Amino acid sequence: MSTAIPRVLSIAGTDPTGGAGIQADLKSIAAHGGYGMAVVTALVAQNTHGVRSVHTPPPEFLHEQLIAVSDDVTIDAVKIGMLGNAETIGVVDDWLGRGKSPLVVLDPVMIATSGDRLLEAAAEEAIGQLLHRVDLVTPNLPELAALLGEPAATSWSEALEQGRRLSHAKSVIVLVKGGHLQGQDCPDALVDAANGLPDGRQVFEVSAERIDTANTHGTGCSMSSAMATLQARLGDWTAALTLTKSWLQDSLAHADELNVGSGNGPLHHYHQLWNGGMPSGK
């Protein structure tokens, strides 16, 4: 079912520089025609060079935030990002189980692009259990491997096979991402080995040339938010990935124009919107 202006809730941590976390989610949601909302799971002191510290508010306050927004607003899609620990995961799991289930996209924020660990090791089992509430999970390759308890894939074929195993085991669509691989091509693919995609295929792949930029901070957050928003708008996972990939390529190609920070800076979420319009899917 599609929605003209989807109301999309980000449940995630913060980024003071605006490149990742809820700040990136809200930009990505807006860039794709959604109305963004946010519930904070963690306050993160970070910049373009990495994470310095994390403050996790009490779980009772997280619960109050979730109840406050869902008591008042119809939520069409939920994007889940940084959860941090098992207690936080449990609060979100319980909240999703109590209400009318919206579309749910999980970016299992476990390992940042900088290499910083953003999920306690003891919580890895809990994040795997949360997948039963999820429509789409969008791990990077180290996170995909961690969810399976395996070494990270070093080739695209290995990555797709890991995606198939996770999809089959958890009955969830997996967005397998090739950003961590070497080479000129940068493929992404939807994998549904449990039920199959609407056209009957198990794998739908979109590839593009790798953009030469160091400014990739928040790419995973932004991509998962775009997928949640476009799926809520269009009701078509393959169209959502096609448009997300095109937007992401443009955002990375123009990331250097922002000149934000001296490390791994953010992508340019609004370049396409400011220079020709929002992805329409039409």
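The values are calculated or read from the model by the stated rules, or taken from the named source; none is laboratory data. Everything numeric here is computed off the predicted structure, so don't read it as measured data. Here the Cβ is made from the backbone with ideal geometry for all residues, glycine too, and neighbour counts use every protein chain on show.
Looking at segment 163-282, the helices (runs of 4 or more DSSP H) lying wholly inside it that each contain 1 or more residues that are buried (at least 24 other Cβ atoms within 10 Å of the Cβ) and among the charged types (D, E, K, R) sit at 219-234. Checked against (1) among the small types (Gly, Ala, Ser); (2) free of Cβ contacts under 8 Å to residues at least 40 places away in the same chain; (3) in contact with a helix residue (DSSP H, G or I) (Cβ under 6 Å, 6 or more places away or on another chain), GLY34 meets all criteria but (2).
Quick check: anything in segment 184-203 of a type in the set (Gly, Ala, Ser) and modelled with pLDDT of 95 or more? Scanning segment 184-203 turns up at least one residue that is of a type in the set (Gly, Ala, Ser) and modelled with pLDDT of 95 or more. Within segment 133-162, the residues that satisfy the criterion of being in contact with a helix residue (DSSP H, G or I) (Cβ under 7 Å, 6 or more places away or on another chain) and part of a helix (DSSP H, G or I) are ARG133, LEU141, LEU144, ALA145, ALA146, LEU147, LEU148, ALA159, GLN162.
Considering every residue within segment 25-32, establish whether at least one is under 23 Å from THR216 (Cβ atoms), at pLDDT 95 or above, over 19 Å from the mean Cα position of the chain (by Cα) and among the aliphatic types (A, V, I, L, M).
To start, the set of residues in segment 25-32 that are under 23 Å from THR216 (Cβ atoms) comprises 25-32.
With the extra rule that they be at pLDDT 95 or above, the set shrinks to 25-32.
Of the ones still in play, those that are also over 19 Å from the mean Cα position of the chain (by Cα) are none.
No.
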